[in-house]
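A quick write-up on the structure given underneath.
The values are calculated or read from the model by the stated rules, or taken from the named source; none is laboratory data. If you're wondering where the values come from, they're calculated on a predicted model, not measured in any experiment. Using ideal geometry, Cβ is built from the backbone for each residue, glycine included, and neighbour counts are taken over all protein chains shown.
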Amino acid sequence: MNYNDFIDSKRHRPSKFGISPKFMPSSMFDYQEHVTRYAIEKGRCAVFLDTGLGKTLIELTVAQNYVAHLNKPVLILTPLAVAFQFIKEAAKFGIADIAYSKDGKFTSKIVVCNYERLDKFNPDDFGCVILDESSILKNFDGATKQAVTSFMKRVKYRYLFTATPSPNDFIELGTSSEALGYMGYTDMLGKFFTNNEDTISPVNIGTKWVLKGHARTAFFEWVSSWSVSMRKPSDLGFDDSTHVLPELIVNHHAVKNEENLVVNGQIQLFNQIARRLPEVRVEQQQTIKSRCEMAVSLVTDNDPCVYWCNFNKEAELLRELDKDAVEVSGSMSIDKKEAVLLDFAEGNISRLITKPKITAFGLNWQHCNHTIYFPTFSYEQYYQSIRRFWRFGQTRPVTVDLVYSDGQKRVMDSLLAKTDKANELFDKLNSAINSNYMATVKEFDKPITMPSFLLTK
């Protein structure tokens, strides 16, 4: 090995685990092509892209490249009803060799199915697996999450796509790393986190592990080594002019709880702020009628709108109060849920009643610019819900009406704190990625200087 080859071998390069892209759609924006190339060359990668930035096109392009390279099918797992969007998007881009399978049978090279139907498929049949809206896995039971993780580990090339990589806590990134085949969850905790006993600060409610102060920079650099993150094109140095979000109008509607709060048989102080989860649940139950009445009063007859609730009793009362609203419930069959959601997307239903854990992921409802939300402690559910409407490509201002009781101030404080935390994550990831990218560019552009003692005299 000569000196130039030696120096060349020491340079940091993108992972050779993946493949070289064979083609890119001409319709791609420059930032989409950059992200796609990075992901394909990486081989196992998490793509943290905000809603409306073209995740579907990127996923389809990744799938097509692996089909061409391996001559083996690629499986794309999606949330409920999103599979149909994939098929429609594929047709728009001229991709014909794709199909939605409900029973594990397929003849196409790109196969799309719901997470709920994964048990119908054999991982040995696929060369690559792509999880769309991968953070939805937290909404499933342990058995489903384990099944998805086990399935992925048997497929060589793996991808995670989501707009909310760690919506509630940074430790959630450990499950992504482990699923991709990088550092295990437990090892990540030991390296970057410390146990936390703080139950006072809203941002730390329910948080057992927090980042070590001295490990923050190293943690985000580590995450950036197996992921790419972007909320807007300029995060990766591209032009934002084609991607401008419309105005977001958030209205707060606090209804008064006229009842005494009773928890475990004990009467609490009248109208006090609910602090613990049992108190919050009692507060929510006691104010169902007043909150639902407030919600329905905020819509007009011709106003497309989605009600996001949390309890069956809320959904039942909303149906009684708004006769034009149609509910998507957990008890429905998968086929029935999909039918209702498609009807709403196509404008056949004016108002929809649903729960964030059922339909907050992946769906594109840009025809609607008004939603009513009953808040909980979950930032991810809130963010994903409003991004069904408030996304790049939406041409109208989006109105979000938050309806809660006066005793739920603690919930709202926590939600706002988690919003700040999620913004911090994206900022840190974007900074680390850009820093590493720029360092690589500088390193590759740097001319090699031969030491004088090696020069031939």
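Assorted remarks:
- The residue list Val62, Val67, Val35 contains one member that is crowded, with 18+ Cβ neighbours inside 10 Å, touching a Lys or Arg at 6+ places or on another chain (Cβ under 7 Å) and assigned to a helix (DSSP H, G or I), which is Val67.
- Residue in region 251-271 that is nearest to Val398 (Cα to Cα), counting only those that are loosely packed, with under 12 Cβ neighbours inside 10 Å and at pLDDT 85 or above: Asn251
- Tally of residues being part of a helix (DSSP H, G or I), modelled with pLDDT under 90 and of a type in the set (Ser, Thr, Tyr) across region 1-32: 2
- Single residue of region 114-138 satisfying the filter (within 22 Å of Gln381 (Cα to Cα) and not aliphatic (A, V, I, L, M)) that is modelled with the highest pLDDT: Asp132
- Enumeration of residues in region 30-70 that are farther than 23 Å from Ser177 by Cα and in contact with a Gly (Cβ under 7 Å, 6 or more places away or on another chain): Gly52, Leu70
- When each of Ala325, Ala274 is tested for being touching a Lys or Arg at 6+ places or on another chain (Cβ under 7 Å), at pLDDT below 85 and not polar (S, T, N, Q), the lone residue that passes is Ala274.
- Set Asp125, Asp132: member being in contact with a strand residue (DSSP E or B) (Cβ under 9 Å, 6 or more places away or on another chain), surrounded by fewer than 21 Cβ atoms within 10 Å (Cβ to Cβ) and closer than 25 Å to Phe17 by Cβ: Asp125
- Single residue of Ala46, Ala83, Ala63, Ala99 found to be closer than 23 Å to Val223 by Cβ and under 24 Å from the mean Cα position of the chain (by Cα): Ala46
- When restricted to residues that are within 24 Å of the chain's Cα centre (by Cα), among the aliphatic types (A, V, I, L, M) and either modelled with pLDDT of 90 or more or over 15 Å from Gln85 (Cα atoms) (or both), region 333-362 contains 5.
- Region 239-251, residues that are in contact (Cβ under 8 Å) with a residue 60 or more places away in the chain and either within 20 Å of Asn423 (Cβ to Cβ) or in contact with a Ser or Thr (Cβ under 9 Å, 6 or more places away or on another chain) (or both): His243, Val244, Leu245, Pro246, Glu247, Leu248, Ile249, Val250, Asn251
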